[in-house]
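Worksheet: one structure, shown below.
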Amino acid sequence: MHDILVPAMGESITEGTISKWLVKVGDSVKQGDLLLELETDKVNLEISAEQDGVISEILANEGDTVKIGDPVGRIGAAGAAPAAAAPAAAPAQEQAAAPVAAPASAPAAVPSSNEGSSATLATPAARKLAREKGIDLNAVPARDPIGRIHASDVASAGTAAAPQAAPAAPAAIDKPTSNANKPEERKRMSRRRMTIAKRLVEAQHTAAMLTTFNEVDMSAIMEIRKRRKDSFKEKHEVGLGFMSFFTKAVVGALKAFPHLNAEISGDDIIVKKYYDIGIAVSAKEGLVVPVVRDADRLGFAEIERSIVQLAGKARNNTLELSELQGGTFTITNGGTFGSLLSTPILNAPQVGILGMHKIQLRPVAIDAERMENRPMMYIALSYDHRIVDGAEAVQFLVKIKEMLEDPETLLLEG
C-alpha cells in the first residue's frame with residue numbers, strides 16, 4: 001500500500017486545496033499518471049502516481065484543504081480490492097452494526113470531547129475544523145460511503161447548529177435576504193482569488209500609497225514598429241510589441257531613481273541592484289505576475305519572447321512558483337482591456353508599479369499655432385511614499401515619458 005502525499009511546493013506555500021480528482025477508487029494507474037489537481041495561493045499543481053497499482057482509497061475530497069505531507073489517497077497493488085468496496089457490498093444492517101476501522105495513518109492520540117471517539121473515522125482537516133468550532137464528531141453525519149467524516153460534513157453540521165445557538169434576531173432584520181424572483185448564485189472564492197484579495201488589502205493598509213500621472217506621445221514608437229515589425233518578426237520569430245519598449249524604459253528610469261527598485265525591511269531600505277520586472281497577466285483563475293529576470297541584460301527580442309512564454313504559461317495554468325517570485329518592480333497594462341486611466345495597486349513588498357493604458361488619438365498642441373492628432377497614452381505610477389518622495393516619483397515618470405518619446409535613448413539608458 002502506497003500513500004499519495006501532498007508534495008513540498010516551495011518555502012512560502014504550506015497548504016493547498018484539492019480542486020479536482022482525476023481518478024476514482026478502483027481505477028488502475030501507472031507511474032507518472034496524473035491523479036489530482038491541487039490549487040495553492042500562487043500556482044496550481046498536478047500530483048502524479050509514484051508507482052503502478054489501483055486507487056484503493058481517497059482520503060480527502062475536492063474542496064478539502066490539505067497540508068504538505070498529508071496523505072490524500074492510497075494506491076494498492078494491482079488486483080487488490082479497493083477499501084471502499086467492502087462497506088458498499090455489505091447489507092445495510094451489517095453496515096450499521098459493524099465498526100469502521102480507522103486508516104493506518106490516522107493519529108492515535110486520545111481525542112478531546114469534540115473530536116469523537118477513537119473509532120470515529122474522520123480526515124485530519126475534519127478533526128481540526130471540529131476542534132475550532134467545538135463540534136462533537138460523534139454527532140456529525142457522514143456522507144462518505146464508508147462512513148468517513150470530511151471537513152465539508154463538519155462545516156454543514158456547524159451551519160445547521162448555528163441558528164439554535166444564536167440569539168433571536170430583531171423582527172425588523174428577520175427577513176429573507178433573497179427573492180425567489182431574483183436568482184442569485186453563491187460560490188466559494190478560489191484560493192488564488194482569496195490570496196489576491198488579501199494581498200491587495202494588505203498593500204493598501206501597510207504602504208503609504210500614492211499615484212502620479214503623465215501622458216506619452218506614442219508616435220515615435222508606433223512609427224518604429226510600423227517600419228520594423230516585419231523584419232523583426234522574420235529575424236526573431238516573435239512580434240515587436242509595446243511591452244519591450246516599456247520594460248526598457250522602466251529599467252532606465254530605475255537606474256536613475258534606485259529607490260523605486262527597493263523594498264522596506266523593518267527600519268531598513270533594501271535597494272536592489274538587479275532588475276527583475278514583473279508583468280501582470282490576466283488569467284482565468286485570477287491575476288498573476290510572472291517575472292522577466294535580469295531585464296537590463298536582455299534585448300528587445302528576448303524581452304518579447306520571455307513575456308510571450310510567461311503569459312502563455314499563465315493562461316494555461318502551468319507557471320512554476322519560481323517564475324512568480326522575486327520581482328523588483330511591476331508593469332500592468334489595463335489598456336489591453338480598454339482602460340483609459342487607473343491607479344494600480346502596489347505588488348508588495350515592491351514600492352513601485354507602472355500602469356499602461358489605452359492608446360487614443362487626441363488633439364495635441366504642437367506650438368502656439370498648430371494642433372495635431374497624436375496617439376497618446378496616459379501612464380500612472382503608484383509608489384510607496386514611505387521611501388519615495390513625490391518629486392522623485394514625478395521625475396521617474398517623466399524619465400519614462402522622455403525615453404518612450406525618444407526611443408533611441410532606450411538603447412543607451414534602458
For a Förster distance of 51 Å, can you work out the FRET efficiency between the beta-carbons of ILE269 and VAL364, rounded to the nearest 0.05? 0.85
Can you work out the FRET efficiency for the pair LYS128 and VAL308, with r the C-beta to C-beta distance and R0 = 35 Å, to the nearest 0.05? 0.20
Contour minus end-to-end for VAL201 and ASN316, with contour as 0.36 nm per residue of separation and end-to-end as the Cα-Cα distance? 38.7 nm
Ranked MET403, MET371, MET222, MET243, criterion: other C-beta atoms within 10 Å, fewest first: MET371, MET222, MET243, MET403
What does the charge count near HIS236 come to, summing +1 for each Lys or Arg and -1 for each Asp or Glu among other residues with Cβ under 14 Å from its Cβ? +1
Between LYS24 and ARG143, what length in nm is gained on full extension when 0.36 nm per residue of separation is reduced by their alpha carbon distance? 41.2 nm
Tell me which lysines have Cα within less than 21 Å of LYS235's Cα, excluding those fewer than 8 residues away on the same chain? LYS226, LYS248
Full-extension gain between ALA220 and MET189, please, as 0.36 nm times their residue separation minus the C-alpha to C-alpha distance. 6.8 nm
For region 280-306 versus region 331-379, the gap between their alpha-carbon centres in whole angstrom: 20
Taking every other residue with Cβ under 15 Å from the Cβ of VAL54 and scoring Lys and Arg +1, Asp and Glu -1, one gets -3
Among rounded, prolate and oblate, which fits region 370-414 when a ≥ b ≥ c are the square roots of the eigenvalues of its C-alpha gyration tensor, a/c under 1.5 means rounded, and a/b larger than b/c means prolate? oblate
Ranking LEU410, GLY390, PRO375 by how far each Cα lies towards the positive end of the charge dipole of region 329-414 (+1 on Lys and Arg Cβ, -1 on Asp and Glu Cβ), the top one is PRO375
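We did not get these values from a lab; they are worked out from the coordinates using the rules stated. Since we're looking at a predicted model, the values are computed, not measured. We place every Cβ from the backbone using ideal geometry, glycine too, and count neighbours over all the protein chains shown.
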